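Bear in mind these aren't lab numbers, they're just calculated from the coordinates by the rules spelled out. Computed from a predicted structure; not experimentally measured. Don't worry about glycine lacking a Cβ; one is built from the backbone with ideal geometry, like all the others, and counts go over all protein chains shown.
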Amino acid sequence: MAVRIRLFRTGKKHFPSYRIVAADSRSPRDGKFLETLGSYDPKEDPPRVSVDMERLKYWLEKGAQMSTTVKSLIKKAS
């Protein structure tokens, strides 16, 4: 099972917010996930990103891959 750290869309139409989750790479974008690692709200100014870095490191040590979007969000948040 390949694990990806990616965004899970929540919120209503035209008002998106996202969760940063660890999910099986074969599951759909808003499908099952293994664990919630943080959140991202693009509507705030500046956009708010919160991540549980300990759990993120845990999943990366286990071999999880980050999506390019999540990688850039984490880089901006650090």
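Name every residue in region 23-43 that is in a strand (DSSP E or B) and under 15 Å from LEU73 (Cα atoms), in order of residue number. Show your work before the answer.
Within region 23-43, the first condition is being in a strand (DSSP E or B), and the residues that meet it are 23-24, 35-41.
Matches in region 23-43: LEU37, GLY38, SER39, TYR40, ASP41.
When region 44-66 is examined, which residues are found to be part of a loop (DSSP other than H, G, I, E, B), of a type outside the set (Gly, Ala, Ser) and over 14 Å from ARG19 (Cα atoms)?
If the condition is that a residue be part of a loop (DSSP other than H, G, I, E, B), of a type outside the set (Gly, Ala, Ser) and over 14 Å from ARG19 (Cα atoms), then GLU44, ASP45, PRO46, LYS62 are the ones that fit.
For region 67-76, which positions are under 18 Å from SER17 (Cα atoms) and assigned to a helix (DSSP H, G or I)?
THR68, THR69, VAL70, LYS71, SER72, LEU73, ILE74, LYS76
I'd like to know if region 47-67 contains one or more residues that are loosely packed, with under 14 Cβ neighbours inside 10 Å, basic (Lys, Arg) and touching a residue at least 40 places away in the same chain (Cβ under 8 Å).
Yes: region 47-67 contains one or more residues that are loosely packed, with under 14 Cβ neighbours inside 10 Å, basic (Lys, Arg) and touching a residue at least 40 places away in the same chain (Cβ under 8 Å).
Would you please list the contacts, defined by Cβ atoms under 7 Å and residues six or more apart or on different chains, that run from a residue in region 9-24 that is at negative phi and in contact (Cβ under 8 Å) with a residue 60 or more places away in the chain to a residue that is among the β-branched types (Val, Ile, Thr) and surrounded by 13 or more Cβ atoms within 10 Å (Cβ to Cβ)?
Partner pairs satisfying both residue conditions: none exist.
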